[in-house]
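Let me begin by presenting the structure, written as structure tokens, before commenting on it.
The values are calculated or read from the model by the stated rules, or taken from the named source; none is laboratory data. These numbers were taken from a predicted model, which means no experiment stands behind them. Positions of Cβ are generated from backbone atoms using ideal geometry, with glycine treated the same way; all protein chains shown enter the neighbour counts. These accessible areas exclude ligands, DNA and RNA; they are computed on the full protein's heavy atoms, side chains included. Shrake-Rupley method; radii C 1.70, N 1.55, O 1.52, S 1.80 Å.
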Amino acid sequence: MPELPEVETLRHDLDKEVAGRKVKAVEVRAARVVRRHRNRPEFAARLVGRKLGATVRLGSLLLIGLDGGPETTALVVDLGPTGRLLKQRSAAPTDRQTDAVLSFTVGGDLRVLDLGEDGELFLAGQAEVDELADRWRGAIDPLADALAWQALGAQLGARQERLRALLTDPTFMAGIGPVYADEILWAGGLRWDRDSDSLTAQEVRRLHRAMQEVVQEAVRLRGVSVGESPWLEFEPQLSVYQREGQPCRRCRTPLRHDPVEGGQTTYYCPKCQS
């Protein structure tokens, strides 16, 4: 699933691949994809003829700038838990999981795949963009926020929740899901079921450093779920996620997995995470 490093990687790719392209045609294959709009033709009509600008990220949302005035300033892409973006030649075969296609006057297509029930596309004016920014402002963004470890410790102490549940809570931290929550906790040497208000100052510093290092390294290696295949460059670097039974890379103890809230599974080292 696309988590923060994957969304940030896509932001870089969009800036490189589609900024400056003019939309020639729009195909939306299911009404649910543009459910905030009256219908698919209305969405397409507002987008055709517009030129795409720079892409910014708000938490796990991608906002692709549009020319043409304040009424519609951005195309908002919410990938949900499974969505993907693919820059492709116009003549290339269309994947059956494609939900929408933006064709450009020059430079092929931008294809949106696998949005599922939770992902969506919508056009937003400046007021809506400001509202989205306000909604994400309270969550910690490990890539955008210069958050001191002391401030992180204060927020952890105020929430009094299990660490993994808190890291994957979008109101607390932007864009962190099961993959990077497990990786951050392993890097910080902390168990998934520790109460957030039980950490010592040294443990908060370790968690703070792990958040920065894991996410930034994942972005450098383009994450684990960008592109046509589900696992890319960062996958070999995963230390615990889906490695149950394999030796821990720190202490060689076999890694374990436990069920957690929401039907998920967490992966950890029973020896060096405490």
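Provide Rg over Rh for the stretch 108-198; use the alpha carbon set for both Rg and the Kirkwood Rh (inverse mean inverse pair distance).
On the Cα set of the stretch 108-198, Rg over Rh gives 1.06.
Which whole-number percentage describes the relative contact order of the stretch 1-107, with Cα contacts under 8 Å and a sequence gap of 6 or more?
36 percent
Quick query: amide H of Leu66 versus all other amide H atoms, modeled in the peptide plane; which residues come in under 5 Å with a sequence gap of 5 or more or a different chain?
For Leu66, whose amide H was placed from the backbone, the distant partners under 5 Å are Gly53, Ala74, Leu75.
Please compute the contact order of the stretch 22-80 in relative form: average sequence separation of alpha-carbon pairs under 8 Å and at least six residues apart, divided by the residue count, as a percent.
Taking the mean separation of contacting Cα pairs over the length of the stretch 22-80, I get 25 percent.
Let me see the pair-distance distribution of the stretch 154-206: every alpha carbon pair, 5 Å bin width, integer percents in order.
Calculated over all Cα pairs of the stretch 154-206, the distribution is 4, 23, 33, 29, 11, 0 percent.
Pulled fully out, how much extra length does the chain show between Arg205 and Lys22, if you take 0.36 nm times their separation in residues and subtract their Cα-Cα distance?
Residue separation times 0.36 nm, minus the Cα-Cα distance, leaves 61.2 nm.
Along the stretch 80-95, what does the Karplus equation 6.51 cos²θ - 1.76 cosθ + 1.60 (θ = phi - 60°) give for ³J(HN,Hα), rounded to whole Hz, x for Gly and Pro?
x, x, 10, x, 9, 10, 9, 8, 9, 5, 4, 7, 5, x, 8, 4
Would you look at the GNM of the chain, springs on alpha carbons closer than 10 Å, and say which of Pro170, Pro41, Pro259 moves the most?
Pro259
Multiply the residue gap between Arg252 and Asp118 by 0.36 nm, knock off their C-alpha separation, and tell me the result in nm, one decimal place.
Net length gain for the segment: 44.3 nm.
For a test of the definition: using alpha carbon positions, the gyration tensor, and the 1.5 limit on a/c, classify the stretch 125-271 as rounded, prolate or oblate.
Verdict is oblate for the stretch 125-271.
Quote the FRET efficiency, to the nearest 0.05, computed for Ala91 versus Val48 with a Förster distance R0 of 22 Å and r equal to the Cβ-Cβ distance.
Working from the Cβ atoms, E equals 0.65.
In the stretch 75-112, what trypsin sites (Lys or Arg not before Pro) fall in a loop by DSSP, with at most 10 other Cβ atoms inside 10 Å?
Those satisfying the criteria are Arg89, Arg96.
Using a 7 Å offset from the Cα along the Cα-to-Cβ direction at both Glu131 and His12, what is the distance between the two label points in nm, to one decimal?
3.3 nm
Cβ neighbours within 10 Å, averaged per peptide: list 247-253, 145-151, 104-110, 266-272 in order, most packed at the top.
The most tightly packed comes first, giving 266-272, 104-110, 247-253, 145-151.
Could you tell me the largest-minus-smallest coordinate of the C-alpha atoms of the stretch 40-126 on each of the three principal axes, in descending order and whole angstroms?
Result for the stretch 40-126: principal-axis Cα extents of 35, 30, 24 Å.
Using only Cα atoms, locate the centre of the stretch 164-193 and the centre of the stretch 16-82, then give the distance between them in Å, rounded to an integer.
So the separation of the two Cα centres works out to 30 Å.
At a 1.4 Å probe radius, carbon and sulfur cover how many percent of the accessible area of the chain?
Exposed carbon and sulfur together represent 48 percent of the surface.
Per DSSP H run of n ≥ 4, the term is -39500 (n - 2.57); total these for the chain, divide by its residue number, and report the mean residue ellipticity at 222 nm rounded to 500 deg cm²/dmol.
-9000 deg cm²/dmol
Find out how many positive minus negative residues lie around Cys269, taking Lys and Arg as positive, Asp and Glu as negative, among other residues whose Cβ is under 13 Å from that of Cys269.
+3
Sorted by packing (mean other beta-carbon atoms within 10 Å per residue), highest first, where do 212-219, 19-26 land?
The densest-packed peptide leads the list: 212-219, 19-26.
For every other residue with a beta carbon closer than 11 angstrom to the beta carbon of Val260, add +1 if it is Lys or Arg and -1 if Asp or Glu, then tell me the sum.
So the surrounding residues net to -2.
Grab the eigenvalues of the alpha-carbon gyration tensor for the chain, scale each by 5, take roots, and send me the semi-axes largest first in whole angstrom.
Semi-axes (√(5λ), whole Å): 37, 20, 15.
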